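What follows is a short report on a single structure.
Read-outs: derived from the displayed coordinates by stated rules, not from any lab. Everything numeric in this text was worked out from a predicted model, so none of it was measured. Note that we place each Cβ from the backbone using ideal geometry, even for glycine, and neighbour counts take in every protein chain shown.
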Amino acid sequence: DTGVSQNPRHKITKRGQNVTFRCDPISEHNRLYWYRQTLGQGPEFLTYFQNEAQLEKSRLLSDRFSAERPKGSFSTLEIQRTEQGDSAMYLCASSPQNRNIQYFGAGTRLSVL
Amino acid sequence: GESVGLHLPTLSVQEGDNSIINCAYSNSASDYFIWYKQESGKGPQFIIDIRSNMDKRQGQRVTVLLNKTVKHLSLQIAATQPGDSAVYFCAEIINNAGNMLTFGGGTRLMVKP
């Protein structure tokens with residue numbers, strides 16, 4: 001499968017715990033994006049990378065959210081001290097240089113108890 | 001599978017009929033638009049895109065129309081099939097806003113056999 005891969009698919013955690021999600025983009029796509037989607041809504045942009053550089057992070061929901069892409073390939077999204085309101089689907093997408101089409105993974109569903 | 005959207009506007013069509021899904025946008029600086037299809041438990045899947053310098057673009061069984069005067073976008077699906085049942089989102093990229101996709105609220109398409 002050469003699409004965007006996200007792991008885990010589901011994560012259940014207790015309030016206050018830290019969680020980390022991984023995204024492997026389509027190979028050769030140098031741009032990688034993170035979105036959050038709640039039920040009944042369209043995805044909401046969080047942050048994006050071009051290679052290893054994080055070019056936009058002002059939309060991260062709070063300072064508990066952080067993302068990395070250290071080698072310009074896979075990326076991780078971390079949420080510290082999770083809250084029940086963090087429960088959502090976290091989607092990753094990638095796109096090639098100079099193209100606007102973003103290809104999405106299947107997402108990680110987070111449930112905070 | 002989980003429901004993508006519980007309280008979305010719903011369009012119900014008979015198999016074989018044509019479907020038209022509408023989307024309004026508000027930012028006149030939007031210069032690129034994408035339609036995505038999302039099935040339960042999956043990430044958004046690219047369908048078709050259009051740039052703001054175009055009025056119409058056709059794909060396989062799908063056509064996107066853009067009316068910049070009234071800031072309206074539509075997706076037409078010819079000969080709708082049961083496999084077309086999903087939630088459809090329009091998304092836009094606003095000029096000079098990086099590569100952030102801004103999604104609309106989505107429409108659920110239900111195809112009756």
Exercise. Taking Rh as the Kirkwood radius, which is the inverse of the mean 1/r over Cα pairs, what is the Rg/Rh value for region A:1-67?
Worked result: 0.96
Problem set entry | Inverse mean reciprocal Cα-Cα distance (Kirkwood Rh) of region B:26-102, Å | 13.2
Exercise. Which value in Å is the Kirkwood Rh of the protein assembly as shown over different Cα pairs?
Worked result: 18.1
For this session: State the extension gain, in nm to one decimal, for the chain segment bounded by residue A:38 and residue A:18, taking 0.36 nm per residue of separation less the distance between their alpha-carbons.
Result: 5.2 nm
Exercise. In square nanometres, what is the average projected area of the Cα convex hull of chain A?
Worked result: 6.7
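If R0 is 22 Å, what FRET efficiency do you get for residue B:55 and residue B:27 from their C-beta distance, rounded to 0.05? Mind showing how you got there, number by number?
Working: r = 18 Å, r/R0 = 0.83.
Efficiency computed from Cβ-Cβ geometry: 0.75.
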Exercise. Under a plain spin-label model, where a point goes 7 Å from the Cα along Cα-to-Cβ, how far apart in nm are residue B:15 and residue A:97?
Worked result: 4.7
Problem set entry | Hits among aspartates and glutamates - C-alpha to C-alpha of residue B:37 under 13 Å, sequence gap 8 or more where chains match | B:49, B:84
Problem set entry | Gain upon complete extension [residue B:112, residue B:67; 0.36 nm per residue less C-alpha separation] | 13.2 nm
Seminar exercise, completed: Listed by chain and number, the aspartates and glutamates with an alpha carbon less than 18 angstrom from that of residue A:57, same-chain partners under 8 positions apart left out, are A:44, A:68, A:78, A:86
For this session: Please work out the FRET efficiency for the pair residue B:74 and residue A:27, using the Cβ-Cβ distance as r and a Förster radius of 25 Å; give the result to the nearest 0.05.
Result: 0.15
